[in-house]
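Asks: Encoded as structure tokens, here's the structure I'll be asking about.
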Amino acid sequence: METTNQALSLPRIGEKAPSFKAVTTQGEINFPEQYAGSWVILFSHPADFTPVCTSEFMTFASMEDQFAKANCKLVGLSVDGLYSHIAWLRTIKEKIEYKGMKNIEVKFPLIEDITMEVANKYGMMQPGESNTKAVRAVFIIDSKGIIRAIIYYPLSLGRNFDELYRALIAMQTADAFSIATPADWRPGDEVIVPTAGSCGVAKERMEKKQEDVHCYDWFFCTKKLDKEKVLSTILKK
Ligand code: BEZ
């Protein structure tokens with residue numbers, strides 16, 4: 001592993017997703033502008049025709065409809081060229097059967113980035129890990145083009161796509177109901193109500209014992225939020 005002190009551009013949570021135009025397996029894209037109104041997960045993988053990436057693409061592609069129901073589109077990227085992408089995705093569809101998944105067609109765009117322009121813009125090249133391959137980066141971007149979550153994994157570690165889905169639904173739920181979600185939250189679990197702004201309000205909340213609110217202490221209050229209410233609000237019919 002080689003390390004350098006080369007300056008890296010790292011977009012941050014709360015910032016507008018950096019714009020770019022790119023060639024993909026589904027034609028040219030204008031990112032993130034053409035995704036306005038949808039959430040989008042932009043993710044990088046180290047290389048085509050590698051095993052961890054293959055397992056990830058099969059898993060993500062098999063969940064594409066699930067993400068689409070949550071108004072979220074997927075966009076992949078590696079620093080390989082378009083013909084490599086096309087050949088790899090064809091091989092996956094025609095030859096690979098893995099964990100019950102077979103005949104998997106990757107319908108979402110996979111960006112070719114041989115110049116590493118996009119990878120550099122998004123801090124996907126991390127020389128301590130590799131000078132020639134993007135790390136496994138994930139950017140969850142909301143319907144207004146704002147970066148809401150960033151996750152980085154090293155080359156050897158395949159991602160957990162259930163967690164990406166959980167994070168997406170949790171952020172959408174937080175937006176829709178003005179709440180926060182506790183550790184390991186899933187729809188149907190209790191949610192965290194905003195901390196009362198002043199001691200007086202907090203004391204009142206503790207003393208009043210609002211029916212649907214449970215306070216562990218003045219700074220930590222939760223309430224029930226029905227699973228059906230969450231899912232019917234977040235998911236497309
Ligand atoms: C993989 O996807 O299997 C992989 C890619 C690059 C380095 C190590 C593993």
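The values are calculated or read from the model by the stated rules, or taken from the named source; none is laboratory data. Bear in mind the structure is a predicted one, so any value in this text is a computation, not a measurement. Every residue, glycine as well, gets a Cβ built from its backbone with ideal geometry; the counts of neighbours run over all protein chains shown. Please note that ligands, DNA and RNA were not included when accessible areas were found on the heavy atoms of the full protein model with its side chains. Shrake-Rupley method; radii C 1.70, N 1.55, O 1.52, S 1.80 Å.
Asks: Would you confirm, using the coordinates I've provided, whether Tyr83 is open to solvent by 50 Å² or more (accessible area, probe 1.4 Å), closer than 26 Å to Leu168 by Cβ and assigned by TED's automatic domain parsing to the domain that holds Gln126?
Replies: No; evaluated as a whole, the condition is false for this residue.
Asks: Identify the single condition in (1) more than 23 Å from Lys21 (Cβ to Cβ); (2) outside any loop (DSSP other than H, G, I, E, B); (3) within 16 Å of the ligand (Cβ to nearest atom) that Leu77 does not satisfy, given that it satisfies every other one.
Replies: In the conditions (1) more than 23 Å from Lys21 (Cβ to Cβ); (2) outside any loop (DSSP other than H, G, I, E, B); (3) within 16 Å of the ligand (Cβ to nearest atom), Leu77 misses (1) alone.
Asks: What are the pairs, 6+ residues apart or on separate chains, where a residue within the range 170-196 that is assigned by TED's automatic domain parsing to the domain that holds Val213 and assigned to a strand (DSSP E or B) has its Cβ under 9 Å from a residue that is among the basic types (Lys, Arg) and surrounded by fewer than 17 Cβ atoms within 10 Å (Cβ to Cβ)?
Replies: Val191/Lys223; Val191/Lys224; Ile192/Lys223
Asks: On to the next question. May I ask you to verify whether Glu2 is modelled with pLDDT under 95 and of a type in the set (Asp, Glu)?
Replies: It is true that Glu2 is modelled with pLDDT under 95 and of a type in the set (Asp, Glu).
Asks: For the range 217-231, enumerate the residues that are touching a helix residue (DSSP H, G or I) at 6+ places or on another chain (Cβ under 8 Å), part of a loop (DSSP other than H, G, I, E, B) and closer than 17 Å to Ala183 by Cα.
Replies: Scanning the range 217-231 gives Phe219, Leu225.
Asks: Given the structure, is Glu94 more than 16 Å from the ligand (Cβ to nearest atom), in contact (Cβ under 8 Å) with a residue 60 or more places away in the chain and not aliphatic (A, V, I, L, M)?
Replies: no
Asks: Additional query: Does Glu112 satisfy the condition of being of a type outside the set (Phe, Trp, Tyr) and farther than 21 Å from Gln34 by Cβ? Please lay out each step first, then the result.
Replies: Working: of a type outside the set (Phe, Trp, Tyr): yes; farther than 21 Å from Gln34 by Cβ: no.
In short, no.
Asks: Oh, and also: What are the residues in the range 55-67 that are open to solvent by 10 Å² or more (accessible area, probe 1.4 Å), under 22 Å from Ala22 (Cα atoms) and either within 16 Å of the ligand (Cβ to nearest atom) or not assigned by TED's automatic domain parsing to the domain that holds Gly100 (or both), if any?
Replies: Going through the range 55-67, the residues open to solvent by 10 Å² or more (accessible area, probe 1.4 Å) turn out to be 55, 59, 61-66.
With the extra rule that they be under 22 Å from Ala22 (Cα atoms), the set shrinks to 61, 64.
The one that is open to solvent by 10 Å² or more (accessible area, probe 1.4 Å), under 22 Å from Ala22 (Cα atoms) and either within 16 Å of the ligand (Cβ to nearest atom) or not assigned by TED's automatic domain parsing to the domain that holds Gly100 (or both): Ala61.
Asks: Can you go through Ala17, Ala22, Ala70, Ala36 and tell me which one is more than 16 Å from the ligand (Cβ to nearest atom), of a type in the set (A, V, I, L, M), in the same structural domain as Phe139 (by TED's automatic domain parsing) and farther than 30 Å from Ala176 by Cβ?
Replies: Answer to the selection: Ala22.
Asks: State all residues of the range 17-37 that are touching a residue at least 24 places away in the same chain (Cβ under 8 Å), outside any strand (DSSP E or B) and within 14 Å of Ile146 (Cβ to Cβ); if no residue qualifies, say none.
Replies: Listed by number, the residues that qualify are Ala17, Pro18, Pro32, Glu33, Tyr35, Ala36, Gly37.
Asks: Please list, ordered by residue number, the strands (runs of 3 or more DSSP E) wholly in the range 103-156 having 3 or more residues that are in the same structural domain as Asp65 (by TED's automatic domain parsing) and open to solvent by 10 Å² or more (accessible area, probe 1.4 Å).
Replies: 147-153
Asks: Identify, by number, the condition in (1) touching a strand residue (DSSP E or B) at 6+ places or on another chain (Cβ under 7 Å); (2) within 16 Å of the ligand (Cβ to nearest atom); (3) over 26 Å from Ile169 (Cβ atoms) that Glu28 doesn't meet.
Replies: Of (1) touching a strand residue (DSSP E or B) at 6+ places or on another chain (Cβ under 7 Å); (2) within 16 Å of the ligand (Cβ to nearest atom); (3) over 26 Å from Ile169 (Cβ atoms), only one is false for Glu28: (2).
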